[in-house]
Amino acid sequence: MGGLPVSTRQPNIRPELRGWDAPWSGLRAVVTGLGVSGFAAADTLAELGARVVVVDGSDGTTKRRDADTLRLVGVSEILLGEEHLAALPLVDGESAEIMVTSPGWRPDSALIAQARAEGIPVLSEVELAWRLGPRPGAKTPNWLVVTGTNGKTTTVTLLESMLIHDGQRAIACGNIGVPVLDAIRDPQGYDALAVELSSFQLEYTELLSPLASAVLNLAEDHVDWHGSFAEYRAAKAKIYENTELACVYNADQQVTEDMVAEADVQEGCRAIGFTTGAPGLSMLGVVDDLLVDRVFLDNRAHQALELAGLEDFGPLAPQHLVANTLAAAALARAAGAAPEAIRAAVQGYEAGDHRIQPVAKADDVLWINDSKATNPHAAAASLRSFTDVIWIAGGLPKGVVYDELIQEIAPRLRHVILIGTDSSQLRSSLERHAPGVPVIGGLLGDDESRSEMEASLAGEDGARAMRAAVAEAAKALAPHHTVLMAPAAASMDQFASYAARGEAFIEAVTELMTERS
């Protein structure tokens, strides 16, 4: 994996805009989106003296409050409402010179398409943060960057903890909630940034130079946004470009190793694999229930360094969590973290809400909330962790197909209940590839054979749908079963968010447990 040193590589787009002393003052900039990252971008550009116009399609109370704050720090104009999304605004009566866009703004949206057609550079807030670097006088941090279809937040959270336990000043930022721009503007600075990057952010990022980078996994997702799986893959692969020390890939997914092989990285950069099986040379993996490192030790050809044990995770050590931990460990070790810091982070880790979250256990039956499994790949990670599963699934499929998922997990299924206003595609895959498994729900709204209960499962009232699903699951229970709510689909047809869907499941299970007690 050859590559030029970072000092000889400059951005192709406005290369003079690099560093805090670059000619930002007076620069005409448009920021699209007034969410967390858009606010940080507008605030930063105003601090640099740029003339900034912000555009957002919504016009709620929160947006208006944020707009008032930005006006106080010198943002020229904030345009709220859908009527501003048709054409690119002028800045001080002239065309914009640069656009900084928030994650989620599609390349074919009118403003971004117009900017590109007019030759106006379109950057992500991550690109802006990288170009600026740390505030003058602050530490220069190592960038440790993570992407993947699933597991990004878990990995970055673990990585932050590993670095902190190692005594480093570190922060998880990026798509995880804290904008990278806020992190790099910290007056003291950080030893390391654990940066979660979505494909949306990478789409508009030209050139980073991280110390280490990782792609956790890759599966069909956001095809409707990127236009094709090839474009989605290309966006993800950008994370490896110009990496300095370590490109971390999933040894159990050939596509991620291929992405490393295709990347133009810095001289001396290493390819480091992780696997939940026994690791080969220059890999991290699992041996005899131990997480081990065969990378960052002198005699790696004949030895493996113990990092943690499966028992350090507590009562549940799902395969996907072990994989994410190994990826985080690879990045942390690249940044110099000691093995003791890895173990301490694993022992202190608490899974976030709605990600393989135990809700109840009664009559030797475990009820699990994994509402965050919004695509087939994430659902597969859950389903691999259990046998004898009563599966609650369904919702908005986001353009993906389910055949591969069902073919893999069919032997684990004992019963399936489908929620969602149209889960017919998932039902069809189950009928083809798991014909012996009883399936309730997933019938279309005009299907006259639907029962009242199935109408509830498919109705727009999400709380009612979830209560019906939990009630049906309870009828199918047997000892040693696991009721797993891992939808493999988005939630917006019936719920405000995946979190709202998870809370509805928790509430329905709690009601059931109360009735039975």
Within segment 47-63, take every residue that is in a helix (DSSP H, G or I) and within 28 Å of the chain's Cα centre (by Cα) and give me the one that is surrounded by the most Cβ atoms within 10 Å (Cβ to Cβ). Lys63
What about Thr243, is it touching a Cys at 6+ places or on another chain (Cβ under 9 Å) and of a type in the set (S, T, N, Q)? yes
Quick one: in segment 163-181, of everything that is in a helix (DSSP H, G or I) and over 19 Å from the mean Cα position of the chain (by Cα), which residue is farthest from Asp43 (Cα to Cα)? His165
Is there a residue in segment 496-508 that is within 23 Å of the chain's Cα centre (by Cα), crowded, with 20+ Cβ neighbours inside 10 Å, at pLDDT 95 or above and not in a helix (DSSP H, G or I)? no
From Thr157, Thr153, Thr149, which residue is in contact (Cβ under 8 Å) with a residue 40 or more places away in the chain, of a type in the set (S, T, N, Q), out of contact with any Lys or Arg (no Cβ under 7 Å at 6 or more places or on another chain) and open to solvent by less than 20 Å² (accessible area, probe 1.4 Å)? Thr149
Strands (runs of 3 or more DSSP E) contained in segment 355-455 and holding at least 1 residues modelled with pLDDT under 90 and in contact with a strand residue (DSSP E or B) (Cβ under 8 Å, 6 or more places away or on another chain): 357-362
In the set Ala373, Ala337, the lone residue that is in contact (Cβ under 8 Å) with a residue 12 or more places away in the chain and under 23 Å from the mean Cα position of the chain (by Cα) is Ala373
Restricting segment 323-353 to residues that are hydrophobic (A, V, I, L, M, F, W, C) and surrounded by fewer than 20 Cβ atoms within 10 Å (Cβ to Cβ), which is nearest to Ala379 (Cα to Cα)? Ala351
Out of (1) closer than 19 Å to Asn217 by Cβ; (2) in a loop (DSSP other than H, G, I, E, B); (3) at pLDDT below 95, what's the single condition that is false for Leu321? (2)
Test result for Arg270, more than 24 Å from Pro107 (Cα to Cα) and of a type outside the set (A, V, I, L, M, F, W, C): yes
Identify, by number, the condition in (1) closer than 30 Å to Thr243 by Cα; (2) part of a helix (DSSP H, G or I); (3) among the polar types (S, T, N, Q) that Asn12 doesn't meet. (2)
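The values are calculated or read from the model by the stated rules, or taken from the named source; none is laboratory data. Source: prediction; values computed, not measured. Here Cβ is always computed from backbone atoms with ideal geometry, including for glycine, and neighbour counts include all displayed protein chains. The accessibility values were calculated without ligands, DNA or RNA, using every heavy atom of the protein model including side chains. Shrake-Rupley method; radii C 1.70, N 1.55, O 1.52, S 1.80 Å.
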